[in-house]
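This report concerns only the one structure given below.
The values are calculated or read from the model by the stated rules, or taken from the named source; none is laboratory data. Everything numeric here is computed off the predicted structure, so don't read it as measured data. Because the Cβ atoms are built from the backbone with ideal geometry, glycine has one as well, and the counts that use them run over all protein chains shown. For the accessible areas, the whole protein counts, side chains as well, though only heavy atoms, and no ligand, DNA or RNA atoms are used. Shrake-Rupley method; radii C 1.70, N 1.55, O 1.52, S 1.80 Å.
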Amino acid sequence: MTVWHFGEFELDTQRYELRGGGTVIRVEPQVFDVMTHLVSNHDRMVTKAELFDTVWGGRFVGEAALTSRIKAARRALGDDGESQRYIRTVRGRGYQFVAEIATAPTGPLPPPQEWPPLRQRIAFTRADDGIRLAYALSGEGPPLVRAANWMTHLSYDIESPVWRHWVRDLSEAHTFIRYDGRGCGLSEWEAGDFTFDDWVDDLESVVEAVGLQRFQLLGVSQGGAVAVAYAARHPERVTRLVLCGAYARGRAVRAFGDEEKRAAALDLELARVGWGRDDPAFRQVFAAQFLPDGTRTDWAAFDQLQRKTTSTDNAVRFLEQFGRIDVRDQARQVRCPTLVMHSCDDHRVPMHSGEELAALIPDARLVALDSKNHLLTAAEPAWAVFRDEVTAFLR
């Protein structure tokens, strides 16, 4: 057990909690990591370089990122830059935790929680044009299908910190059916040029292969647009629709002004130049957008996911097609109950895209999640909210 006591606060590194007066105080993962490193090294000044290396794994981030995390840590402790009762700034060098520590750690950190291995059955089918598609089934209960989204790998996802909590939790009360899109994961990579309509057709092929008549449908990120198009095309099959981090218009379609258009073009160039390189610097740009509040472990897992899931050429093809997505007309045709969830400060797909989608779908309900991440992580409070909302909605 490792719990630090100072003032009215407890910093519990086993439960990953900051508590004050017996109440859990919500802090973002990187703020918690900064606080933990300062508290555990309270006998000395910690340099900025050390914090960058410890919390961000040495990857390049601006000094403003560290400053904002220090401010957030002080705010959680009722401290500020003037009083500095807990965190003192050593101008130009770093920071030191200066409050008296009542209780130091009493033992080493326990091993991380081990989840039982997730059992899944992987099978293959063919799309109408002959492309091989891989799909997997896990759990038991009513069928819940996830429309394919970028960067999945059926074998690796049940181990990856990026996706394993999605698969684990969504398999608890459902037969969870997911598949790798063409050009991705265990599906055929040599897929040539593909279009948005191909993705909708691939979902149709998997549904037919599994033999589903009526089912609930989940769409994450650009998979949300695929799910919307399928639900509009097959209203007799989709009983309920859940969308998270989704959008009706791709980046190129919704780009307003030269700056947004240049940003969309930069996405493609980064994929062309850096996707297959051993140097992860280029791919980390995507990690920073998808998981801005992720831990070092999250970022490393995301980098591995990028490398395992697809080729450079396919990554560019995906991004080109994502940018052209426009399902506004199909969204208006959806007739099943729909739940739209979106991170308030999503760095990849802005909140207004989720709001637009919810406004287009008749009677859709919108839930704003308190997160900056495009893909929710297991440790953040927003994941628990997402899980509870989905459970209640699909029940």
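When you take every Cα atom in region 307-395, what is the radius of gyration, and what is Dmax, the widest Cα pair distance, in Å?
Looking at region 307-395, its Cα Rg and Dmax stand at 15.1, 41 Å.
Where the Cα atoms of region 134-211 are projected onto their three principal axes, how long is each span, largest first, in whole Å?
36, 28, 15
So what is the 222 nm mean residue ellipticity for the chain from helices alone, if each DSSP H run of at least 4 adds -39500 (n - 2.57) and you divide by all residues, rounding to the nearest 500 deg cm²/dmol? Let's see the in-between values first.
Numbers: 15 runs with 161 residues, N = 395.
Computed ellipticity for the chain at 222 nm equals -12000 deg cm²/dmol.
Could you give the length gained on full extension between residue 80 and residue 122, defined as 0.36 nm per residue of separation minus the Cα-Cα distance, in nm?
9.8 nm
Please work out the average accessible area per residue across the chain, using the 1.4 Å probe convention, and give it in Å².
Values: 17660 Å² over 395 residues.
Counting only protein heavy atoms, the per-residue value for the chain is 45 Å².
Scanning the chain for chymotrypsin sites (Phe, Trp or Tyr not before Pro) in DSSP loops with at most 12 other Cβ atoms within 10 Å, what's the longest stretch left with none? Each step should come with its number before you reach the end.
Working: sites that count: 60, 256.
No qualifying site falls inside 61-255, the longest such stretch.
Within the accessible area of the chain, what % is carbon and sulfur when the probe is 1.4 Å and the other protein chains stay in place?
Working: 8550 of 17660 Å².
Percent of accessible area from carbon and sulfur atoms in the chain: 48.
Return the FRET efficiency for the residue pair residue 311, residue 359: r is the Cβ-Cβ distance, R0 is 30 Å, and the value is rounded to the nearest 0.05. Please list the in-between numbers first.
Working: r = 37 Å, r/R0 = 1.23.
Efficiency computed from Cβ-Cβ geometry: 0.20.
For the full complex of protein chains and a 1.4 angstrom probe, list 80, 198, 43 by accessible area with the highest value first.
On the way: 80 70, 198 35, 43 120 Å².
Largest accessible area first, the residues go 43, 80, 198.
Between residue 129 and residue 285, what is the spin-label point distance in nm, taking each point 7 Å from the Cα along the Cα→C-beta axis?
Result for the modelled spin labels: 2.8 nm.
Which values of log₁₀ I(q)/I(0), to two decimal places, follow from the Debye formula for region 178-262 at q = 0.10 Å⁻¹ with a uniform point scatterer at every Cα?
At q = 0.10 Å⁻¹ the computed log10 ratios are -0.30.
Probe 1.4 Å, all protein chains in place: accessible area of residue 259 in Å², nearest 10?
140
Which value, in Å² and to the nearest 10, is the accessible area of residue 205 when all protein chains are kept and the probe is 1.4 Å?
10
Sorting 70, 25 by accessible area (1.4 Å probe), largest first, what list results? Present the calculation step by step, with values, prior to reporting the outcome.
Numbers: 70 5, 25 45 Å².
Heavy-atom accessible area, descending, gives 25, 70.
Between residue 197 and residue 65, what length comes free when the chain is fully extended (0.36 nm per residue of separation minus the Cα-Cα distance, one decimal in nm)? Walk me through the numbers on the way to the answer.
Details: separation 132, 0.36 × 132 = 47.52 nm, distance 4.02 nm.
Extending this stretch completely gives an extra 43.5 nm.
Just the Cα atoms of the chain: what Rg and Dmax do they give in Å?
Looking at the chain, its Cα Rg and Dmax stand at 22.4, 68 Å.
Distance in nm between label sites at residue 395 and residue 297, each 7 Å beyond Cα in the beta-carbon direction?
2.9
With a 1.4 Å probe and all protein chains kept in place, how much accessible area does residue 68 have, in Å² rounded to the nearest 10?
Solvent-accessible area, nearest 10 Å²: 50 Å².
Excluding residues on the same chain fewer than 8 positions from residue 71, give the lysines whose Cα lies under 19 Å from its Cα.
Partners found: 48, 372.
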